[in-house]
Amino acid sequence: MRASRVLTFARYEIRRAVARKKVLALVALTVLISTAPYYALYATHTSLVTPPLRPYLWVLGVFLPQAFFLQFTALLIAAGSMSEEYEQGTAEVLLSKPVSREEYFFGKYLGGYVLVVGIVILDVVLSISSATFVFGPQQQLDVEPTILVAQVFAALVFYSFAFMVGELMRRSSLSYILSASVFFTSEVVGVFLNILYSLTGTDVYKVANYYLPTSPVDSLPLLLAEPKFPSSVQLVFRFAATPVEPSIVVSALLIAVYFLSAVLIALAYFSGMDVAKRVT
Amino acid sequence: MSFEQAVKDYGPKEIGPVTFSVGQGEIVGFLGPNGSGKSTTIRMLLGLIKPTSGTVRLMQRDPLLDHVRALEHVGYSPELPNLQSFLTPKELLQLTAKELGLGRKETDDQLAVLLEDVGLIRYEDYKIAKLSKGMVQRLSVAQALMGTPKVLILDEPMIGIDPAGVVQFRSIFRDFVRDGGTIVMSSHILSEVESLCTSLVVIHSGRILFRGGIQAFISERLGSRSILVEIADPTAIEGSALVGRITSLSGVKQVTPTPAGLLVEVDPDSDPRGEISRLVVESGAKLVGLGHSRSELDEAYISAIRGSPTQ
């Protein structure tokens, strides 16, 4: 496998995704999500934003999109990556050249993932800038690189899952629907299991919740960040989610297991299957 | 390239067993009706689909297991090319060059020459989405020629191309073969195949019906061959002994006067065109043209398809 060819496909994938305008729409939404809350809080003069909270408000913009928007972004970028090439008949042209299937696969995977990382970074930069601009200098920013790494790592779960579904289905609309369904089902079941555990105290609900794909994704960045902030800031974290997983290690392991499984299944399927002709 | 008992089983439909080979320097016409297995055979050759059984070799390598080396010197232009509409012709060729591992200078040099050759130099910065079907087809052939291909696999390369483009492509393909290249070209335009190809592979319902030279195919499928003798003033030969003298030539089965001259039916293995032209000239008639009927390949092809056991 040649790195130069993997990078060629990665650049191609970025170009393709940008040309599809989907990414531009996601960037616009990111700008909105990471700036609007600050101006809304400022404009409404809410009593929630107490002076001790102000230097930590950058956390709000960084964590608010974690549970839904960032995962949905990853999913939207990945679901069409392989499937749209089959639908448009372009996979055939690209793979009829002296390139290995692995180079193509990992190039496309990498290209899409770079876009996801770019959107996470954009969200962080805009959140910190907006918080600083609206509420003054921000503190504890040295924690941010750790949070960023955790968010980017956590995004691998639904990114890889949607990428796998795209390859298995080879139909973009089906891939979007199926990946989004799994994501939302996992979120809803997680909430449901939480309620059941609160009502009954039965551990099985709590343990079952650990293994939902959304649980480690939501938990890891929170578990890493929360201990670094004063207790007064915990309220801000609750806007994002409540960590479900018992520890950072369990969260990280579950994320690794989920994303590696998805990548391996997709790669095995792609390596063994025929390159389909145009399907629509 | 070679196929040895290659089969692709799609469940309800099976392509193969396919067995044939193509040697260096050939321009092979790959003929068959829609759905006969041409594209499947080509896609097996390119390592895009896996044969259920049998072996396929391209540049003497397995195109599936040794894909990179097997396709190192192979250019492919697919049927109804679905090229990346968001790229420009220039960007597409640059992408192709990167896939082929070409350097920047080599890419720039080749890119300009190829776009000029296929008549797209003026459109190099247009989005492919804005190009006409014929232009996309030209671009598809250009990307197949990128690098240093020794083999070109062309699936319906003349579809949508204007007559000037067809002439241009013929010249490009002939030059390519003259320089030692090999071409496998599927086409439904039989006159194009006849004028360009040196041999044929005919496939029908997933089975190879014929592999060999065009003349051999015509001889095999048609009980006789037709020679058209065009005479400036056909009334001049009415009542003359010319018809009888041509009829008496070895291999001639029947001579029929036509408004343009004569239609001579001959045994498939004989070629008395030299003697016929001598006799016409000796009779005092003015010979305007003499040659095999242009529709012979069409007739032979239709005969092969109709007469195939799977029909």
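The values are calculated or read from the model by the stated rules, or taken from the named source; none is laboratory data. Since we're looking at a predicted model, the values are computed, not measured. Using ideal geometry, Cβ is built from the backbone for each residue, glycine included, and neighbour counts are taken over all protein chains shown.
Could you grab me the full set of residues in segment B:261-311 that are over 21 Å from the mean Cα position of the chain (by Cα), at pLDDT 80 or above and β-branched (Val, Ile, Thr)?
If the condition is that a residue be over 21 Å from the mean Cα position of the chain (by Cα), at pLDDT 80 or above and β-branched (Val, Ile, Thr), then B:VAL264, B:VAL266, B:ILE276, B:VAL280, B:VAL281, B:VAL288 are the ones that fit.
B:VAL243 versus (1) assigned to a strand (DSSP E or B); (2) more than 30 Å from B:HIS204 (Cβ to Cβ): which is the lone unmet condition?
In the conditions (1) assigned to a strand (DSSP E or B); (2) more than 30 Å from B:HIS204 (Cβ to Cβ), B:VAL243 misses (1) alone.
Got a sec? Which strands (runs of 3 or more DSSP E) wholly within segment B:1-95 have at least 1 residues that are within 11 Å of another protein chain (Cβ to nearest Cβ), at pLDDT 95 or above and more than 30 Å from B:MET135 (Cβ to Cβ)?
Details: elements: B:2-9, B:14-21, B:27-31, B:53-57, B:74-77.
Where strands (runs of 3 or more DSSP E) fall fully within segment B:1-95, none carries at least 1 residues being within 11 Å of another protein chain (Cβ to nearest Cβ), at pLDDT 95 or above and more than 30 Å from B:MET135 (Cβ to Cβ).
Restricting the search to segment A:16-28, which residues are buried (at least 16 other Cβ atoms within 10 Å of the Cβ) and within 11 Å of chain B (Cβ to nearest Cβ)?
Correct list: A:ARG16, A:ALA17, A:ALA19.
Every residue, every condition in (1) within 14 Å of chain B (Cβ to nearest Cβ); (2) closer than 23 Å to A:TYR56 by Cβ; (3) outside any helix (DSSP H, G or I); (4) at pLDDT 95 or above, yes or no:
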site: A:TYR197; (1), (2), (3), (4): no, no, no, no
site: A:LEU223; (1), (2), (3), (4): no, yes, no, no
site: A:PHE239; (1), (2), (3), (4): no, yes, no, no
site: A:LEU254; (1), (2), (3), (4): no, no, no, yes
site: A:LEU264; (1), (2), (3), (4): no, no, no, yes
site: A:LYS277; (1), (2), (3), (4): yes, no, yes, no
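Please find, within segment B:134-157, the residue that is surrounded by the most Cβ atoms within 10 Å (Cβ to Cβ) out of those that are touching a residue at least 40 places away in the same chain (Cβ under 8 Å) and out of contact with any Leu (no Cβ under 8 Å at 6 or more places or on another chain).
B:PRO157
Sort through B:LEU242, B:LEU290, B:LEU263 and tell me the only one that's surrounded by fewer than 18 Cβ atoms within 10 Å (Cβ to Cβ) and touching a Ser or Thr at 6+ places or on another chain (Cβ under 9 Å). Talk me through it step by step, then tell me what you get.
Working: B:LEU242 fails: surrounded by fewer than 18 Cβ atoms within 10 Å (Cβ to Cβ); B:LEU290 fails: surrounded by fewer than 18 Cβ atoms within 10 Å (Cβ to Cβ).
Residue meeting the stated conditions: B:LEU263.
Of all residues in segment B:47-80, how many are within 25 Å of B:PHE169 (Cβ to Cβ) and among the hydrophobic types (A, V, I, L, M, F, W, C)?
6
Out of curiosity, is B:VAL177 of a type in the set (A, V, I, L, M, F, W, C), within 30 Å of B:SER2 (Cα to Cα), in contact (Cβ under 8 Å) with a residue 24 or more places away in the chain and not in a strand (DSSP E or B)?
Values: of a type in the set (A, V, I, L, M, F, W, C): yes; within 30 Å of B:SER2 (Cα to Cα): yes; in contact (Cβ under 8 Å) with a residue 24 or more places away in the chain: yes; not in a strand (DSSP E or B): yes.
Yes; evaluated as a whole, the condition is true for this residue.
From (1) closer than 15 Å to A:SER96 by Cα; (2) part of a helix (DSSP H, G or I), pick out the condition that doesn't hold for B:PRO149.
Here B:PRO149 clears every test but (2).
Quick check, is B:VAL113 more than 17 Å from the chain's Cα centre (by Cα), assigned to a helix (DSSP H, G or I), within 14 Å of chain A (Cβ to nearest Cβ) and more than 23 Å from B:GLU26 (Cα to Cα)? Can you show your working first?
Values: more than 17 Å from the chain's Cα centre (by Cα): yes; assigned to a helix (DSSP H, G or I): yes; within 14 Å of chain A (Cβ to nearest Cβ): no; more than 23 Å from B:GLU26 (Cα to Cα): yes.
Considered against the rule, which asks whether it is more than 17 Å from the chain's Cα centre (by Cα), assigned to a helix (DSSP H, G or I), within 14 Å of chain A (Cβ to nearest Cβ) and more than 23 Å from B:GLU26 (Cα to Cα), B:VAL113 comes out as no.
Among the numbered conditions (1) buried (at least 22 other Cβ atoms within 10 Å of the Cβ); (2) modelled with pLDDT of 95 or more, tell me where A:VAL152 comes up short.
The single condition A:VAL152 does not satisfy is (1).
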